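Okay, structure first, notes after.
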Amino acid sequence: MELEFGNRDIITLNIVTCSTTKGKIVLAVVVCWAGLVAGDTPANCLYEDIRGTWVFLEEERSGDSTSPCDTLGEVVHTNTFTLDYPNTVKDELGHEGTWTLIWNQGFEVNINERSYFAFSYYEGDFVASTSYCDRTFTGWSRDTTVRNWSCFTANKTTSVPPRTVSKLTVPKERLDQPYRDDHEMIARVNAKQSSWKAKAYPEHEKYTLRETLNRFGGAGSILPNPPSPAPATPEQKARVSYLPENFDWRDVEGVNYVSPVRDQGGCGSCYAFASAAHLEARLRVATKNARQDVFSTQDVVSCSLLAQGCAGGFSFLIAGRYAQDQGMVAETCNAYTGQDDPCNTDSTCGRTYTSAYEYLGGYYGACNEELMLQALIEKGPMAIAYQVYSDFYNYDGGIYHHTGEKNEFNPFEMVNHAVLLVGYGVDETTGEKYWIVKNSWGDSWGEDGYFRIRRGTNECSIESMGVEAKVIP
């Protein structure tokens, strides 16, 4: 079945399997994008949808990391896992482990020395989709030594009503039109507040609306129910009370531990850039700058089975699971093209791995300002995500907060965007607290490619989605 999408692209819904431009196979009723389009997946499964008892059907544990898990082989292992609040899981024998929701797209379970991940099941596309949150697509399982791989599917023992939703609110016929700055909106932003300045970026008008939406994070990154920070405990507040008032990993006693700003172009690859920047910075911190790697974002876009290429992805899965399972290669091994090119990374290239990863606080929904402050100081820069509104694209400098102003020419809803947290501070004049964040829109945007955003108020959900990974030097 084919659905028309815009003036150029065709969405193909294959009932059996679907070949993608990345040379990979994705299981049943998934979307094949015939062009550069926006999104992660159209799934929208919430915490209470996933919480509960599941039956996992798993094949023989004799595979390796190259398995696409496009189909499920003969079922050898059947396990019943009960996922409970806040992140505990038990099997039918009483063994315990942990689990976490991954945005609204799927979930990961870690129990009995094995790790399981699968995307939640859906049918449709970003124009209209239906999520079936009581089942999954075929996912991946392996043990904690990153061996003995297998494929699995999971079904919840209690039904969840299907959820029909449309994440793409821009009329599809407009997506191939050029992006245009809204000069009247820019004037309104600057007139109504003095915390930050907006300006027009003529270079942004080389992108279409589709590519601009990709730069924001993509249609699939729109989250109807943005998370809130977990309340800080007295212990967490006490620990951060001893931290310095200002801190920046670009200048720690004159030393910079952050890699250069890059530009993702019109590809929805912010998740790959944030993940690479996270591991680059953590590696510089761990080795006292002896290693200053720049990792290949194209390898992630073209080769990762855990993301959707230029259609989006998640730092948790890339900086964490992909880097642990497959490893990151140098930029010179697969230079960035910003396209959904086939995977052609040189197999002889060395790889850098992570040994552990998690959402800050241990699971999705446990993050807060205090945990971010402590982890930033003690471990290094970290990948975070936040909601991008149209006024943010015109940010020129200062401490950003959403003004409520919208670009009337480009009526995007708020979209999730992945970036790198590098520091924090307090404005000397106003006393306003802020975060310092590295973006992936080039160094001519914002404050030399960085921005500051209001801290302590969960501005645009920025204090609710921190990710960190332990890189192996």
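Of all the accessible heavy-atom surface of the stretch 366-473, with the other protein chains kept in place and a 1.4 Å probe, what percent is carbon and sulfur?
Here it works out to 45 percent.
FRET efficiency for LYS199 and SER65, Cβ-Cβ distance as r, R0 = 51 Å, nearest 0.05?
With a Förster radius of 51 Å, E is 0.65.
For the stretch 176-275, run through the chymotrypsin sites (Phe, Trp or Tyr not before Pro) and keep only the ones in DSSP coil with at most 12 other Cβ atoms within 10 Å of their Cβ.
Sparse-neighbourhood loop chymotrypsin sites (Phe, Trp or Tyr not before Pro): TYR242.
Taking a label point 7 Å from the Cα of THR53 along the Cα→Cβ vector, which residues of the stretch 72-112 have an amide N closer than 18 Å to it?
Those under the cut-off are 78-85, 88-97.
Check each of the GluC sites (Glu not before Pro) in the stretch 371-408 and keep only those in coil by DSSP with at most 14 other C-beta atoms within 10 angstrom; list them in order.
GLU408
Taking only protein heavy atoms and a 1.4 Å probe, what accessible area per residue, in Å², does the stretch 357-412 have with all protein chains in place?
Averaged over the residues of the stretch 357-412, the accessible area is 27 Å².
Excluding ligands, DNA and RNA, what is the solvent-accessible area per residue of the stretch 223-281 at a probe of 1.4 Å, expressed in Å²?
About 46 Å² of surface per residue is accessible.
Roughly how many debye, to the nearest 20, is the charge dipole of the stretch 353-443 about its Cα centre, given +1 on each Lys and Arg Cβ, -1 on each Asp and Glu Cβ, and no other charges?
About 320 debye.
Distance check, please: which entries in LYS206/LYS470; LYS192/LYS237; LYS433/LYS470; LYS90/LYS379; LYS379/LYS438; LYS172/LYS406 exceed 26 angstrom between their Cα atoms?
Listed pairs above 26 Å: LYS206/LYS470; LYS192/LYS237; LYS433/LYS470; LYS90/LYS379.
Carbon-plus-sulfur fraction of the accessible area of the stretch 168-292, 1.4 Å probe, in percent?
The computed percentage sits at 52.
On full extension of the chain, what length is gained from SER355 through ARG147, given 0.36 nm per residue of separation minus the C-alpha to C-alpha distance?
This chain segment gains 73.5 nm when fully extended.
Can you give the charge dipole size of the chain about its Cα centre, rounded to the nearest 20 debye, using +1 on the beta carbon of Lys and Arg and -1 on the beta carbon of Asp and Glu?
That gives the chain a dipole magnitude of about 280 debye.
Take each of the peptides 391-402, 81-92, average the number of other beta-carbon atoms within 10 Å over its residues, and list them starting from the highest.
391-402, 81-92
For SER444, SER390, give the ranking by accessible area with the largest first, probe 1.4 Å.
SER444, SER390
What number, in percent, do you get for the relative contact order of the chain if the mean sequence gap of Cα pairs under 8 Å and at least 6 apart is divided by its residue count?
Once normalised by length, the contact order is 16 percent.
Provide the per-residue ³J(HN,Hα) series for the stretch 75-91, in order, calculated from phi with Karplus coefficients 6.51, -1.76, 1.60 and θ = phi - 60°, each as a whole number of Hz, with x at glycine and proline positions.
Per residue, the Karplus-derived 3J(HN,Hα) values read 6, 10, 10, 10, 10, 10, 10, 9, 8, 10, 6, x, 8, 9, 9, 10, 9 Hz.
Please list 3J(HN,Hα) in residue order for the stretch 227-237, calculated via the Karplus relation 6.51 cos²θ - 1.76 cosθ + 1.60 where θ = phi - 60°; whole Hz, with x for glycine and proline.
Per residue, the Karplus-derived 3J(HN,Hα) values read x, 10, x, 6, x, 6, 7, x, 5, 5, 5 Hz.
Once fully extended, how much extra length lies between PHE247 and THR457, figured as 0.36 nm per residue of separation less the alpha-carbon to alpha-carbon distance?
Here the answer is 73.7 nm.
The values are calculated or read from the model by the stated rules, or taken from the named source; none is laboratory data. None of these values were measured; they are calculated from a predicted model. Using ideal geometry, Cβ is built from the backbone for each residue, glycine included, and neighbour counts are taken over all protein chains shown. Side chains are part of the model used for accessible areas, which takes the heavy atoms of the whole protein and leaves out ligands, DNA and RNA. Shrake-Rupley method; radii C 1.70, N 1.55, O 1.52, S 1.80 Å.
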